[in-house]
Each structure stands twice: as structure tokens, then as C-alpha cells.
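Asker: My questions will all concern the structure given below.
The values are calculated or read from the model by the stated rules, or taken from the named source; none is laboratory data. For clarity, every value in this text was computed on a predicted model and none was experimentally measured. No Cβ is skipped: glycine too gets one built from the backbone with ideal geometry, and neighbour counts run over all protein chains shown. For the accessible areas, the whole protein counts, side chains as well, though only heavy atoms, and no ligand, DNA or RNA atoms are used. Shrake-Rupley method; radii C 1.70, N 1.55, O 1.52, S 1.80 Å.
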Amino acid sequence: MKYIIISLFAGLIFSCNANKTTTDSKSDDSLEYAKSITSTDLKTHLYIYAGDEMEGRMTGSKGQKMAVEYLKNEYKKLGINPPAGHPDYLQHIPAEYFKGRQHEAAGDSENVVAFIEGSEFPDEIIILSAHLDHVGMDDEGNVFNGADDDGSGTVAMLEMAEAFQKAVKDGKGPKRSILFLHVTGEEIGLYGSQYYTENPIFPLENTVCDLNTDMIGRIDPDKIDNPNYVYLIGSDKLSQELHNVSEEVAKKYSDLELDYTYNDEKDPNRFYYRSDHYNFAKNNVPIIFYFNGVHSDYHKISDTPDKIEYDLMAKRTQLIFHTAWELANREGRITADKL
């Protein structure tokens with residue numbers, strides 16, 4: 001009997017160790033692919049994307065169309081396909097959609113969409129979003145480059161897409177599907193994300209969450225003495241489960257402080273309502289908004305690529321990637337458990 005018990009105990013230890021190895025291996029995968037997100041690559045992308053040639057990316061303008069072409073070409077280089085029904089990577093938005101609203105676009109516009117299908121739960125969609133537009137040029141021809149707002153979020157998505165695609169090529173792609181959604185019209189009223197939620201490519205009820213990245217390249221003057229942070233907004237508004245996953249991932253993979261200052265319901269800035277995640281939240285899709293706060297160059301011609309903190313931006317991008325990886329690969333889908 002003693003030998004049977006010992007044998008069973010040894011088998012149990014082996015089984016536990018085997019499970020632990022599997023878990024650790026999956027964690028190692030996340031760490032390995034996150035390494036492909038580098039400050040150098042982010043800088044290379046951003047100096048192009050937020051360069052003068054893009055003319056400030058005003059919705060519907062020539063510069064915004066150039067930005068769209070840049071994103072399309074990058075996804076093609078990565079070998080990431082568009083979703084079915086959108087062979088040109090575009091969700092077209094007619095000029096009429098903007099007419100009669102507070103701010104009108106210069107013409108028709110488009111969201112950019114790229115898609116990695118999940119291996120086990122392809123109908124469950126995780127959206128990574130950022131707005132591709134900015135505010136254009138002034139009457140004197142000065143370019144509002146929008147390096148932080150939201151060139152930083154845009155190129156962060158390209159780096160995360162590359163990391164996920166490396167995993168796909170190694171046969172370790174996500175269990176759930178990832179939609180990379182670059183929305184237009186944010187600066188004139190969140191119109192690109194509104195259009196998407198009114199005309200979703202994938203049903204909103206199948207959308208697990210939206211991780212929205214809008215300004216992650218700079219340091220809030222209030223945080224100058226503690227710059228190793230990122231503001232999180234909305235993670236616990238609709239889903240405590242999402243908030244808990246976010247916290248666990250940060251503790252495991254990052255030394256960034258998660259600062260919830262602007263998550264306060266009484267925040268006079270009302271940032272929760274001011275970026276593209278909100279159009280998902282109001283449709284009961286759990287969200288997280290990643291943000292560095294405002295600074296003296298916000299919406300000025302001085303928001304240029306040379307002022308970005310690229311090492312810090314890489315750390316923030318890696319955190320978002322790890323969070324998306326966990327949400328895409330965990331056994332159970334997170335839910336909007338606070339409705």
C-alpha cells in the first residue's frame with residue numbers, strides 16, 4: 001500500500017509539474033514575442049507616420065489617405081490579411097456620414113482593418129484600436145504632426161501586429177481572433193469608431209473587448225518624478241474580470257505603475273468619453289483605454305516625433321500586447337459582468 005501511495009504521489013507531482021511546464025511555456029511565448037516590440041522600430045515607424053509629408057492626417061484629406069496607404073502596406077509586408085469582405089483593408093465611410101455634424105471631414109474617409117483568425121475560438125474577437133487621424137494643417141501651412149496624438153497608438157498597433165504574426169508563423173497564434181482597427185475621424189467626434197459600431201464587421205456580441213491606445217509616447221508633467229507609468233481608464237466599468245486580468249498581467253510582465261487617476265467618475269476631464277473605446281463601451285463591450293495624459297504640446301504643431309520617449313513607449317506597448325495575448329489565449333472568454 002505504501003508503495004502504491006508513493007507511486008500515486010510521484011505521478012501527481014509529475015502531472016502538476018507537466019501542467020506547470022505547459023503554463024510556463026505559454027508565458028515564455030508571450031515574453032519571447034513581446035521582445036519584437038522595440039523602441040527602434042517604433043521610432044522608425046513614427047518618424048514616417050507623423051512626418052510632415054502626412055500633412056497632419058486630417059480626416060478625408062490627402063494626408064490622411066497617405067497615412068492609410070502606409071498602414072495597408074505595413075500589414076501587407078507583415079503578411080496579415082484583411083477580414084473577409086474587405087480585400088483592400090478598408091472600411092469605407094462616405095462623406096455624407098460626416099455632413100451636418102459639429103465638425104465635417106474634408107471628404108470621404110476610411111477605417112483600416114487587418115485580421116488574425118483565432119485557432120480555437122475564431123468567432124470571439126479582440127479588437128485593438130487606435131485613431132489614425134489628426135488635425136491637419138493651419139492656414140499658414142504649419143503641420144500638426146500628431147506624433148503622440150495618436151501616431152504613438154497607431155505605430156504601437158503595428159508593432160503588436162508584428163508580434164502576433166510572428167507567433168502565427170511559429171504555429172503559436174492566438175486562440176481568439178484579433179482585429180486591428182485603425183479608426184478615422186476621432187479628432188472631429190469619434191466618427192470612425194462610431195461608424196464601426198453601427199456597421200460592425202464582426203457582431204458586437206462576439207466582441208470580447210476593445211483595447212484602445214491613444215497617446216502613449218509622452219510623460220504627463222504631473223508624473224515627471226515618476227515617469228514609469230501608464231494611465232488606465234475604463235477597465236472596471238463593464239467587466240471586473242477584464243480589470244483583474246489587466247492587473248495580473250501587469251504584475252507578471254511589467255514594472256509600469258497602472259495609474260487610475262482619470263478612471264474616477266468625477267474626473268473633470270471626462271477622458272472616458274473622449275476616445276474611440278467609448279463607442280464600444282456604450283454598446284456594452286468591455287474596454288481599456290491606455291493613455292499617457294496631456295502635455296504642453298497637445299494639439300499643437302510642437303507634437304513632433306523627436307519628443308517621444310521611445311523606451312517608455314515600448315514598455316507600454318509590450319504591456320498592452322501581453323494583456324491582449326492573455327485575453328486571446330485564456331481558456332474562458334471574459335464577460336461584461338458588471339452590466
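Asker: Give the residue that is farthest from L128 (Cα to Cα), with candidates limited to residues of the stretch 299-320 that are of a type in the set (D, E) and surrounded by fewer than 24 Cβ atoms within 10 Å (Cβ to Cβ).
Answerer: If we take residues in the stretch 299-320 being of a type in the set (D, E) and surrounded by fewer than 24 Cβ atoms within 10 Å (Cβ to Cβ), then D306 is farthest from L128 (Cα to Cα).
Asker: A further question follows. Checking the structure you have, find out if any residue of the stretch 196-207 is touching a residue at least 60 places away in the same chain (Cβ under 8 Å), surrounded by 24 or more Cβ atoms within 10 Å (Cβ to Cβ) and in contact with a Phe, Trp or Tyr (Cβ under 7 Å, 6 or more places away or on another chain).
Answerer: Checked against the condition, which is being touching a residue at least 60 places away in the same chain (Cβ under 8 Å), surrounded by 24 or more Cβ atoms within 10 Å (Cβ to Cβ) and in contact with a Phe, Trp or Tyr (Cβ under 7 Å, 6 or more places away or on another chain), the stretch 196-207 yields no hits at all.
Asker: Let me ask something additional. Hey, does the stretch 331-339 have a residue that's acidic (D, E) and open to solvent by less than 60 Å² (accessible area, probe 1.4 Å)?
Answerer: no
Asker: Taking the stretch 226-265 as the search range and keeping residues that are of a type in the set (A, V, I, L, M) and in a helix (DSSP H, G or I), which one is nearest to Y278 (Cα to Cα)?
Answerer: In this case the residue turns out to be L242.
Asker: Whether any residue in the stretch 149-163 is over 29 Å from A336 (Cα atoms) and either free of Cβ contacts under 8 Å to residues at least 24 places away in the same chain or among the basic types (K, R) (or both) is what I want to check.
Answerer: No, that holds for no residue.
One line per residue, one yes/no per condition, for (1) assigned to a helix (DSSP H, G or I); (2) surrounded by 15 or more Cβ atoms within 10 Å (Cβ to Cβ); (3) in contact with a strand residue (DSSP E or B) (Cβ under 6 Å, 6 or more places away or on another chain):
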residue: E53; (1), (2), (3): yes, no, no
residue: K77; (1), (2), (3): yes, no, no
residue: P83; (1), (2), (3): no, yes, yes
residue: D88; (1), (2), (3): no, no, no
residue: H103; (1), (2), (3): no, no, no
residue: V112; (1), (2), (3): no, yes, yes
residue: S119; (1), (2), (3): no, yes, no
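Asker: Now, a different point. With the condition kept exactly as written, say whether any residue in the stretch 283-294 is out of contact with any Leu (no Cβ under 6 Å at 6 or more places or on another chain), over 30 Å from F202 (Cβ atoms), open to solvent by 30 Å² or more (accessible area, probe 1.4 Å) and touching a residue at least 12 places away in the same chain (Cβ under 8 Å).
Answerer: Within the stretch 283-294 (the criterion being out of contact with any Leu (no Cβ under 6 Å at 6 or more places or on another chain), over 30 Å from F202 (Cβ atoms), open to solvent by 30 Å² or more (accessible area, probe 1.4 Å) and touching a residue at least 12 places away in the same chain (Cβ under 8 Å)), the answer is yes, since at least one residue qualifies.
Asker: Being touching a Ser or Thr at 6+ places or on another chain (Cβ under 6 Å) and without any contact (Cβ under 8 Å) to a residue 60 or more places away in the chain is the filter here; which residues of the stretch 107-128 pass it?
Answerer: Of everything in the stretch 107-128, just one residue is touching a Ser or Thr at 6+ places or on another chain (Cβ under 6 Å) and without any contact (Cβ under 8 Å) to a residue 60 or more places away in the chain, namely P122.
Asker: Look at the stretch 215-229 and say how many of its residues are aliphatic (A, V, I, L, M), closer than 14 Å to R316 by Cβ and surrounded by fewer than 24 Cβ atoms within 10 Å (Cβ to Cβ).
Answerer: Result for the stretch 215-229: 1.
Asker: Evaluate the following for I219: is it in contact with a helix residue (DSSP H, G or I) (Cβ under 9 Å, 6 or more places away or on another chain), β-branched (V, I, T) and assigned to a loop (DSSP other than H, G, I, E, B)?
Answerer: yes
Asker: May I pose another question? Test N244 against the stated conditions and say whether it is open to solvent by 20 Å² or more (accessible area, probe 1.4 Å) and closer than 16 Å to M313 by Cα.
Answerer: No; evaluated as a whole, the condition is false for this residue.
Asker: Do you know which residues across the stretch 70-106 are of a type in the set (F, W, Y) and either in contact with a Pro (Cβ under 8 Å, 6 or more places away or on another chain) or in contact (Cβ under 8 Å) with a residue 40 or more places away in the chain (or both)?
Answerer: Y75, Y89, Y97, F98
Asker: Now for a separate question. Of the conditions (1) under 25 Å from E205 (Cβ atoms); (2) part of a helix (DSSP H, G or I); (3) open to solvent by 30 Å² or more (accessible area, probe 1.4 Å), T323 clears all except one; give me its number.
Answerer: Here T323 clears every test but (3).
Asker: Of the residues that make up the stretch 132-142, is at least one surrounded by fewer than 22 Cβ atoms within 10 Å (Cβ to Cβ) and outside any loop (DSSP other than H, G, I, E, B)?
Answerer: Looking for residues that are surrounded by fewer than 22 Cβ atoms within 10 Å (Cβ to Cβ) and outside any loop (DSSP other than H, G, I, E, B), one finds at least one in the stretch 132-142, hence yes.
Each row is one residue, and each column tells you yes or no for (1) of a type outside the set (S, T, N, Q); (2) modelled with pLDDT of 95 or more; (3) touching a Ser or Thr at 6+ places or on another chain (Cβ under 9 Å).
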site	(1), (2), (3)
V155	yes, yes, yes
M160	yes, yes, yes
A163	yes, yes, yes
P174	yes, yes, yes
I178	yes, yes, no
T184	no, yes, yes
Y191	yes, yes, yes
Y195	yes, yes, yes
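Asker: If you go through the stretch 107-129, how many residues are farther than 17 Å from E69 by Cβ and not β-branched (V, I, T)?
Answerer: So the answer is 11.
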